[in-house]
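Below: one structure, written as structure tokens.
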Amino acid sequence: MFLGTYEGQWDGEGHLKVPQELRPQLALEFVLTRGLGGCLWIYPLSQWRSLVEELHRLPFSRADARALGRFLFAEAQECQLSENGYLFIPESLRRYARLDGETLIVGLDSHLEIWDARLWRDLIPGIEEEAISIGERVSEQLLLSQPDGGRKR
């Protein structure tokens, strides 16, 4: 489980140092790809496979399902950390996530997100302001997805 927010350190050549606390959870290999909202995602291989299985359940006949697949897979790559705990992030992914300065690595349970610190700081106040209504909407969706429609108590 990935938790917390960490400051990323760059070596000046596209390598981001992954904090020591996060390295054991990444195991030997993981997937790096574009994330939704302007960040990058890092998924351990087992979690990536679970995400891929969910995506395979989407109807391929739908344009939005195909577009999401293209978005996630076109830039995805399997990676390993260097012996010193650095991750090379290709130029195209750095450009997508606007990673040219202060960078944050954020734990989101099953995966990590890599954010430009300015974008993250702009995003968080809106989430904090809407947290209660977001929680209510998500709770309703979870209840509706249960076989009994959330009627058991």
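For the pair Ala27 and Gln77, label points projected 7 Å from Cα toward Cβ lie 2.1 nm apart. Here the chain is assigned +1 on the Cβ of each Lys and Arg and -1 on the Cβ of each Asp and Glu. Its dipole about the Cα centre then comes out at about 620 debye.
Can you check what the net charge comes to around Ile105, using other residues whose Cβ is under 12 Å from the Cβ of Ile105 (Lys, Arg +1; Asp, Glu -1)? Intermediate values should be presented prior to the final figure.
Working: positive: Lys17, Arg23; negative: Glu7, Glu21, Glu102, Glu113, Asp116.
Net charge in that neighbourhood comes out at -3.
Estimated from helices alone, the mean residue ellipticity of the chain at 222 nm is -12500 deg cm²/dmol (sum of -39500 (n - 2.57) over DSSP H runs with n ≥ 4, per residue).
Of the residues Cys79, Cys39, the one with the fewest other Cβ atoms within 10 Å heads the list, and the complete ranking is Cys79, Cys39. A simple spin-label model places the labels of Asp109 and Arg49 2.1 nm from each other, with each point 7 Å out along Cα-to-Cβ. Taking region 1-110, which trypsin sites (Lys or Arg not before Pro) meet the DSSP loop condition and have no more than 16 other C-beta atoms within 10 Å? Counting only loop positions with at most 16 other Cβ atoms within 10 Å, the trypsin sites (Lys or Arg not before Pro) in region 1-110 are Arg57, Arg62, Arg98. Please report the net charge: other residues with Cβ closer than 12 Å to the Cβ of Glu29, K and R +1, D and E -1. Counting the neighbours of Glu29, the net charge comes to 0. What is the chain by shape, rounded, prolate or oblate, if you read a ≥ b ≥ c off the alpha carbon gyration tensor as root eigenvalues and call it rounded for a/c under 1.5, prolate for a/b larger than b/c, and oblate otherwise? It is prolate, given that a/c is not under 1.5 and a/b is the larger ratio.
Considering only GluC sites (Glu not before Pro) in DSSP loops that have at most 11 other Cβ atoms within 10 Å, the longest stretch of the chain without any of them is 84-153.
In this label model, Ala63 and Arg118 are separated by 3.4 nm, measuring between points 7 Å along each Cα→Cβ vector.
Rounded to the nearest 10 degrees, the angle from helix 63-73 to the longest Cα principal axis of the chain is 30 degrees. Relative to the longest principal axis of the Cα atoms of the chain, the long axis of helix 45-56 makes an angle of roughly 40 degrees.
Taking every C-alpha pair closer than 8 Å and separated by at least 6 residues, the mean separation divided by the residue count of region 5-117 gives a relative contact order of 38 percent.
We did not get these values from a lab; they are worked out from the coordinates using the rules stated. Nothing here was measured: the structure is a model prediction, and the numbers come from that model. As a convention, Cβ positions derive from the backbone with ideal geometry for all residues, glycine included, and neighbour counts pool all protein chains shown.
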